[in-house]
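None of the figures in this text is laboratory data; all of them are computed from the coordinates on show. Because the structure is a prediction, the values reported are computed rather than measured. Neighbour counts are summed over all protein chains in view; Cβ atoms, including those assigned to glycine, are modelled from backbone coordinates with ideal geometry.
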Amino acid sequence: MPTDMVNVRYMVNDVEAAVAWYTNNLGFTLLTSAAPAFADVVRGSLRLLLSGPKSSAGRPMADGEQPGPGGWNRIHAGPACGPGGKSGGAVPARVS
């Protein structure tokens with residue numbers, strides 16, 4: 001994978017359907033599949049981590065709120081993205 005890869009996690013209801021849509025319609029390539037929990041697809045420097053309800057990202061929050069599509073996405077910053085070149089970790093990209 002390129003060193004300038006951008007990783008974005010998307011919560012989806014159906015991992016296999018999401019993989020089919022991204023690969024058939026947008027030209028992504030499947031990297032890994034652990035469906036129905038998780039799969040990742042890549043196109044150029046963009047890697048999408050498709051997380052289903054059975055994935056670790058689908059666990060309820062501390063307040064009991066259940067993560068779901070359309071509001072629980074994260075951008076995963078690479079090692080050189082944080083202050084002083086340290087890992088930036090996951091940057092929330094929650095959309096209401």
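The slack between residue 33 and residue 6, meaning 0.36 nm per residue of separation minus the straight C-alpha distance, is 7.8 nm. For the range 38-54, 3J(HN,Hα) computed residue by residue from phi via the Karplus equation (6.51, -1.76, 1.60; θ = phi - 60°) reads 7, 7, 10, 10, 9, 8, x, 9, 10, 10, 9, 9, 8, 10, x, x, 8 Hz, glycine and proline entered as x. Between residue 20 and residue 66, residue separation times 0.36 nm minus the direct Cα-Cα distance comes to 14.1 nm. A simple rule links phi to the HN-Hα coupling: the Karplus curve 6.51 cos²θ - 1.76 cosθ + 1.60 with θ = phi - 60°, which for the range 27-37 gives x, 6, 10, 6, 9, 9, 9, 10, 4, x, 7 Hz, with x for Gly and Pro.
The listed peptides 11-19, 47-55, ordered by packing as a protection proxy, come out as 47-55, 11-19 (highest mean of other Cβ atoms within 10 Å first).
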